[in-house]
Amino acid sequence: MKTELKALLFDVDGTLADTERDGHRVAFNAAFDDYGTGWHWDIELYGKLLAVTGGKERMKYYASEFLHNNNLPDNFEQLVPELHAAKTRHYTEMLSAGTIPLRPGIERLLNEARKENLRLAIATTTTPDNVTALLEHTLGSNSLGWFDVIAAGDIVPAKKPASDIYDFALREMQLAPWECLAFEDSHNGILASMGAGIPTIITVNDYTVDHDFNGALLVLDTLGEPDQPFTTLQGKANKHTYVDCALLQTLYDK
Ligand code: XBP
Ligand code: MG
(Lines give C-alpha, C1' and ligand atoms only; values in the text may rest on other atoms or scores of the structure.)
(Ligands and ions follow the chains in the order given, each with its own letter.)
Protein backbone atom coordinates (compact mmCIF):
# COMPACT_ATOMS: atom_id res chain seq x y z
CA MET A 1 0.00 0.00 0.00
CA LYS A 2 1.34 3.44 -0.92
CA THR A 3 1.50 5.74 2.08
CA GLU A 4 2.06 9.45 2.32
CA LEU A 5 3.67 11.62 5.01
CA LYS A 6 0.79 13.59 6.52
CA ALA A 7 1.85 14.89 9.93
CA LEU A 8 4.71 15.84 12.22
CA LEU A 9 4.37 15.26 15.98
CA PHE A 10 6.63 17.17 18.34
CA ASP A 11 7.72 16.57 21.90
CA VAL A 12 8.16 19.84 23.84
CA ASP A 13 10.77 19.66 26.62
CA GLY A 14 14.22 19.22 25.13
CA THR A 15 12.84 19.15 21.57
CA LEU A 16 11.06 22.44 20.87
CA ALA A 17 13.19 24.18 23.48
CA ASP A 18 15.93 23.36 25.95
CA THR A 19 13.65 23.74 28.95
CA GLU A 20 14.91 21.34 31.58
CA ARG A 21 18.16 22.61 33.13
CA ASP A 22 17.46 26.35 33.12
CA GLY A 23 13.66 26.20 33.10
CA HIS A 24 11.86 23.36 34.87
CA ARG A 25 14.74 22.70 37.30
CA VAL A 26 14.92 26.34 38.38
CA ALA A 27 11.13 26.50 38.77
CA PHE A 28 11.10 23.36 40.94
CA ASN A 29 13.76 24.89 43.21
CA ALA A 30 11.80 28.16 43.46
CA ALA A 31 8.71 26.18 44.53
CA PHE A 32 10.76 24.22 47.09
CA ASP A 33 11.97 27.55 48.51
CA ASP A 34 8.40 28.93 48.63
CA TYR A 35 7.37 25.99 50.78
CA GLY A 36 10.59 25.84 52.83
CA THR A 37 11.22 22.17 52.02
CA GLY A 38 15.00 22.58 52.17
CA TRP A 39 15.34 20.61 48.93
CA HIS A 40 17.56 21.75 46.07
CA TRP A 41 17.98 20.00 42.74
CA ASP A 42 21.40 20.80 41.27
CA ILE A 43 22.21 20.28 37.58
CA GLU A 44 23.70 16.83 38.09
CA LEU A 45 20.97 15.51 40.38
CA TYR A 46 18.31 16.83 37.99
CA GLY A 47 19.87 14.74 35.21
CA LYS A 48 19.21 11.64 37.31
CA LEU A 49 15.69 12.74 38.18
CA LEU A 50 14.85 13.09 34.47
CA ALA A 51 14.66 9.28 34.43
CA VAL A 52 11.06 9.88 35.52
CA THR A 53 8.84 12.09 33.35
CA GLY A 54 6.21 14.42 34.79
CA GLY A 55 6.84 16.92 37.57
CA LYS A 56 4.61 15.33 40.24
CA GLU A 57 5.97 11.90 39.45
CA ARG A 58 9.54 13.29 39.56
CA MET A 59 9.04 14.73 43.07
CA LYS A 60 7.73 11.39 44.31
CA TYR A 61 10.67 9.60 42.72
CA TYR A 62 13.05 12.04 44.46
CA ALA A 63 11.39 11.39 47.80
CA SER A 64 11.56 7.63 47.50
CA GLU A 65 14.94 7.16 45.82
CA PHE A 66 17.03 10.12 47.00
CA LEU A 67 15.53 11.09 50.37
CA HIS A 68 14.58 7.45 51.01
CA ASN A 69 11.41 8.85 52.49
CA ASN A 70 13.44 10.37 55.37
CA ASN A 71 12.61 13.88 56.55
CA LEU A 72 9.46 13.98 54.46
CA PRO A 73 6.67 16.24 55.73
CA ASP A 74 3.70 14.23 57.05
CA ASN A 75 1.47 15.78 54.41
CA PHE A 76 3.85 14.97 51.51
CA GLU A 77 1.17 13.37 49.32
CA GLN A 78 -1.02 16.48 49.62
CA LEU A 79 1.93 18.80 49.24
CA VAL A 80 3.02 17.38 45.86
CA PRO A 81 0.16 18.92 43.81
CA GLU A 82 0.60 22.25 45.67
CA LEU A 83 4.33 22.31 45.02
CA HIS A 84 3.65 21.39 41.41
CA ALA A 85 1.15 24.23 40.97
CA ALA A 86 3.72 26.67 42.42
CA LYS A 87 6.38 25.24 40.10
CA THR A 88 4.08 25.71 37.09
CA ARG A 89 3.54 29.37 38.11
CA HIS A 90 7.28 29.99 38.35
CA TYR A 91 7.94 28.19 35.09
CA THR A 92 5.29 30.00 33.06
CA GLU A 93 6.50 33.34 34.50
CA MET A 94 10.01 32.51 33.29
CA LEU A 95 8.66 31.74 29.83
CA SER A 96 6.70 34.98 29.72
CA ALA A 97 9.94 36.84 30.45
CA GLY A 98 11.24 35.29 27.21
CA THR A 99 14.18 33.54 28.88
CA ILE A 100 13.88 30.27 26.94
CA PRO A 101 14.14 30.38 23.13
CA LEU A 102 13.14 27.69 20.67
CA ARG A 103 15.90 25.35 19.52
CA PRO A 104 17.59 25.97 16.14
CA GLY A 105 15.47 25.07 13.13
CA ILE A 106 12.16 24.62 14.99
CA GLU A 107 10.44 27.81 13.83
CA ARG A 108 11.76 27.38 10.28
CA LEU A 109 10.61 23.76 10.04
CA LEU A 110 7.15 24.48 11.51
CA ASN A 111 6.63 27.26 8.97
CA GLU A 112 7.83 25.14 6.09
CA ALA A 113 5.66 22.19 7.15
CA ARG A 114 2.60 24.44 7.25
CA LYS A 115 3.32 25.67 3.72
CA GLU A 116 3.64 22.05 2.59
CA ASN A 117 0.26 21.24 4.18
CA LEU A 118 1.73 18.82 6.68
CA ARG A 119 -0.42 18.58 9.79
CA LEU A 120 1.21 19.37 13.16
CA ALA A 121 0.70 18.07 16.68
CA ILE A 122 2.27 18.20 20.13
CA ALA A 123 2.73 15.08 22.28
CA THR A 124 4.27 15.91 25.65
CA THR A 125 4.36 14.96 29.29
CA THR A 126 4.43 18.53 30.52
CA THR A 127 1.49 20.52 31.87
CA PRO A 128 -0.74 22.13 29.16
CA ASP A 129 -0.16 25.66 30.58
CA ASN A 130 3.58 25.19 30.01
CA VAL A 131 3.07 24.38 26.33
CA THR A 132 0.74 27.33 25.82
CA ALA A 133 3.19 29.70 27.50
CA LEU A 134 6.15 28.43 25.46
CA LEU A 135 4.32 28.72 22.14
CA GLU A 136 2.78 32.12 22.92
CA HIS A 137 6.05 33.68 24.03
CA THR A 138 8.17 32.30 21.21
CA LEU A 139 5.88 32.06 18.15
CA GLY A 140 2.96 34.28 19.20
CA SER A 141 -0.56 33.32 20.31
CA ASN A 142 -1.69 32.43 16.77
CA SER A 143 0.75 29.53 16.81
CA LEU A 144 -1.52 27.55 19.15
CA GLY A 145 -3.83 27.15 16.16
CA TRP A 146 -1.09 25.65 14.02
CA PHE A 147 -1.44 22.35 15.88
CA ASP A 148 -4.35 19.98 15.24
CA VAL A 149 -3.93 18.65 18.75
CA ILE A 150 -1.87 19.69 21.75
CA ALA A 151 -1.71 16.46 23.74
CA ALA A 152 -0.17 17.22 27.13
CA GLY A 153 0.08 16.28 30.80
CA ASP A 154 -2.46 14.24 32.72
CA ILE A 155 -4.96 13.64 29.87
CA VAL A 156 -3.68 10.08 29.50
CA PRO A 157 -3.26 7.53 32.29
CA ALA A 158 0.45 6.85 31.79
CA LYS A 159 3.19 9.33 30.88
CA LYS A 160 6.20 8.62 28.65
CA PRO A 161 7.86 6.10 28.21
CA ALA A 162 4.30 4.76 27.77
CA SER A 163 3.01 5.41 24.25
CA ASP A 164 -0.35 6.73 25.55
CA ILE A 165 0.17 10.41 24.67
CA TYR A 166 1.16 9.57 21.07
CA ASP A 167 -1.70 7.06 20.78
CA PHE A 168 -4.05 9.83 21.96
CA ALA A 169 -2.70 12.36 19.43
CA LEU A 170 -3.01 9.82 16.58
CA ARG A 171 -6.61 9.04 17.57
CA GLU A 172 -7.50 12.73 17.69
CA MET A 173 -5.97 13.28 14.23
CA GLN A 174 -7.41 10.04 12.87
CA LEU A 175 -4.02 9.13 11.45
CA ALA A 176 -2.04 5.92 11.38
CA PRO A 177 1.45 5.98 12.92
CA TRP A 178 3.10 5.25 9.56
CA GLU A 179 1.62 8.49 8.15
CA CYS A 180 3.61 10.53 10.68
CA LEU A 181 7.08 11.41 11.89
CA ALA A 182 7.86 12.21 15.53
CA PHE A 183 10.54 14.50 16.97
CA GLU A 184 11.99 13.60 20.35
CA ASP A 185 15.08 14.26 22.47
CA SER A 186 15.23 11.46 25.07
CA HIS A 187 15.20 7.72 25.62
CA ASN A 188 11.82 7.90 27.37
CA GLY A 189 10.57 10.01 24.46
CA ILE A 190 11.58 7.58 21.73
CA LEU A 191 10.18 4.65 23.71
CA ALA A 192 6.85 6.50 23.69
CA SER A 193 6.86 7.57 20.02
CA MET A 194 8.17 4.26 18.68
CA GLY A 195 5.89 2.41 21.10
CA ALA A 196 3.07 4.09 19.17
CA GLY A 197 4.73 2.94 15.94
CA ILE A 198 5.84 6.38 14.73
CA PRO A 199 9.24 6.68 12.98
CA THR A 200 11.28 9.14 15.04
CA ILE A 201 13.99 11.75 14.56
CA ILE A 202 16.07 12.75 17.58
CA THR A 203 17.78 16.01 18.47
CA VAL A 204 19.86 15.51 21.60
CA ASN A 205 20.72 17.94 24.39
CA ASP A 206 23.30 17.87 27.21
CA TYR A 207 21.13 15.63 29.36
CA THR A 208 20.28 13.12 26.63
CA VAL A 209 23.38 12.94 24.41
CA ASP A 210 24.37 9.53 25.85
CA HIS A 211 20.87 8.03 25.76
CA ASP A 212 20.03 4.91 23.77
CA PHE A 213 18.29 5.90 20.54
CA ASN A 214 18.19 2.47 18.96
CA GLY A 215 15.72 2.47 16.08
CA ALA A 216 15.75 6.24 15.45
CA LEU A 217 15.61 7.34 11.80
CA LEU A 218 18.26 9.94 12.52
CA VAL A 219 20.00 11.32 15.61
CA LEU A 220 21.27 14.90 15.33
CA ASP A 221 22.65 17.57 17.63
CA THR A 222 20.01 20.05 16.37
CA LEU A 223 17.67 20.44 13.40
CA GLY A 224 20.19 22.92 12.01
CA GLU A 225 19.74 26.08 9.98
CA PRO A 226 21.04 27.00 6.52
CA ASP A 227 23.93 28.86 8.15
CA GLN A 228 24.24 26.50 11.13
CA PRO A 229 24.61 22.88 9.93
CA PHE A 230 23.63 19.97 12.15
CA THR A 231 26.00 17.20 13.22
CA THR A 232 24.80 13.66 12.54
CA LEU A 233 25.26 11.34 15.53
CA GLN A 234 23.44 8.29 14.15
CA GLY A 235 21.93 7.44 10.75
CA LYS A 236 22.45 9.09 7.35
CA ALA A 237 21.39 12.56 6.24
CA ASN A 238 23.26 12.30 2.92
CA LYS A 239 24.10 15.80 1.71
CA HIS A 240 21.56 17.63 3.87
CA THR A 241 22.89 20.06 6.48
CA TYR A 242 19.60 21.14 8.07
CA VAL A 243 16.26 19.39 8.52
CA ASP A 244 13.69 20.55 6.00
CA CYS A 245 10.66 18.89 4.42
CA ALA A 246 12.81 17.52 1.58
CA LEU A 247 15.00 15.62 4.07
CA LEU A 248 11.93 14.42 5.98
CA GLN A 249 10.43 13.08 2.75
CA THR A 250 13.66 11.22 1.94
CA LEU A 251 13.74 9.66 5.40
CA TYR A 252 10.06 8.81 5.16
CA ASP A 253 10.40 7.15 1.75
CA LYS A 254 13.09 4.80 3.06
C1 XBP B 1 9.10 16.30 29.92
C2 XBP B 1 9.01 16.14 31.35
C3 XBP B 1 8.24 17.10 32.08
C4 XBP B 1 8.88 18.34 32.62
C5 XBP B 1 8.05 18.86 33.75
O6 XBP B 1 9.20 15.02 29.29
O7 XBP B 1 9.46 15.18 31.92
O8 XBP B 1 7.87 16.39 33.20
O9 XBP B 1 10.20 18.06 33.10
O10 XBP B 1 6.76 19.07 33.39
P11 XBP B 1 8.98 14.90 27.73
P12 XBP B 1 5.60 19.16 34.50
O13 XBP B 1 9.87 15.92 27.08
O14 XBP B 1 9.46 13.51 27.40
O15 XBP B 1 7.52 15.09 27.46
O16 XBP B 1 6.23 19.62 35.76
O17 XBP B 1 4.59 20.12 33.95
O18 XBP B 1 5.00 17.77 34.68
MG1 MG C 1 11.55 15.65 25.80
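The values are calculated or read from the model by the stated rules, or taken from the named source; none is laboratory data. Everything quoted here is computed from the prediction, not taken from an experiment. Ideal geometry is used to build each Cβ from the backbone, glycine not excepted, and the neighbour counts take in all protein chains shown.
Considering region 113-137 alone, what residues qualify as being more than 16 Å from ligand 2 (Cβ to nearest atom) and either within 22 Å of ALA151 (Cα to Cα) or polar (S, T, N, Q) (or both)? Show your work before the answer.
Kept after step one, since they are more than 16 Å from ligand 2 (Cβ to nearest atom), are these residues of region 113-137: 113-120, 129, 132-133, 136-137.
Listed by number, the residues that qualify are ALA113, ARG114, ASN117, LEU118, ARG119, LEU120, ASP129, THR132, ALA133, GLU136, HIS137.
Of the residues making up region 45-83, those that are part of a helix (DSSP H, G or I) and either under 18 Å from the mean Cα position of the chain (by Cα) or among the hydroxyl-bearing types (Ser, Thr, Tyr) (or both) are TYR46, GLY47, LYS48, LEU49, GLY55, LYS56, GLU57, ARG58, TYR61, TYR62, SER64.
Residues that are farther than 15 Å from GLY153 by Cα and among the charged types (D, E, K, R) were ranked within region 44-68; the one that is surrounded by the fewest Cβ atoms within 10 Å (Cβ to Cβ) is GLU44. In region 4-11 there is no residue that is more than 16 Å from ligand 2 (Cβ to nearest atom), among the aromatic types (Phe, Trp, Tyr) and touching a residue at least 12 places away in the same chain (Cβ under 8 Å). Would you say PRO128 is within 14 Å of ligand 1 (Cβ to nearest atom) and surrounded by fewer than 18 Cβ atoms within 10 Å (Cβ to Cβ)? Judged against the criteria, PRO128 is a match.
Restricting MET173, MET194 to residues that are crowded, with 21+ Cβ neighbours inside 10 Å and touching a strand residue (DSSP E or B) at 6+ places or on another chain (Cβ under 9 Å) narrows the list to MET194. Take ILE100 and tell me if it is surrounded by 13 or more Cβ atoms within 10 Å (Cβ to Cβ), within 16 Å of ligand 1 (Cβ to nearest atom) and β-branched (Val, Ile, Thr). Spelling it out, ILE100 is indeed surrounded by 13 or more Cβ atoms within 10 Å (Cβ to Cβ), within 16 Å of ligand 1 (Cβ to nearest atom) and β-branched (Val, Ile, Thr). Looking at region 149-254, the helices (runs of 4 or more DSSP H) lying wholly inside it that each contain 3 or more residues that are out of contact with any helix residue (DSSP H, G or I) (no Cβ under 6 Å at 6 or more places or on another chain) and within 16 Å of ALA7 (Cβ to Cβ) sit at 164-173, 245-253. Looking at region 110-133, is at least one residue within 20 Å of LEU248 (Cα to Cα), aliphatic (A, V, I, L, M) and part of a helix (DSSP H, G or I)? Checked against the condition, which is being within 20 Å of LEU248 (Cα to Cα), aliphatic (A, V, I, L, M) and part of a helix (DSSP H, G or I), region 110-133 yields at least one hit. Does LYS115 satisfy the condition of being of a type in the set (Lys, Arg) and buried (at least 21 other Cβ atoms within 10 Å of the Cβ)? No, not satisfied.
From THR132, THR99, THR126, grab the single residue that is among the β-branched types (Val, Ile, Thr) and at pLDDT below 95. Show your work before the answer.
Numbers: THR132 fails: at pLDDT below 95; THR126 fails: at pLDDT below 95.
Sole residue among the options that is among the β-branched types (Val, Ile, Thr) and at pLDDT below 95: THR99.
May I ask you to verify whether ALA192 is among the aliphatic types (A, V, I, L, M) and free of Cβ contacts under 8 Å to residues at least 12 places away in the same chain? Answer is no for this residue.
Restricting attention to region 12-26, the residues being away from ligand 2 (no atom under 16 Å from the Cβ) and buried (at least 22 other Cβ atoms within 10 Å of the Cβ) number 0. Sort out which residues of region 1-44 are within 12 Å of ligand 1 (Cβ to nearest atom), among the small types (Gly, Ala, Ser) and not in a strand (DSSP E or B), and write them in order of number. Within region 1-44, GLY14, GLY23, ALA27, ALA31 meet the criteria.
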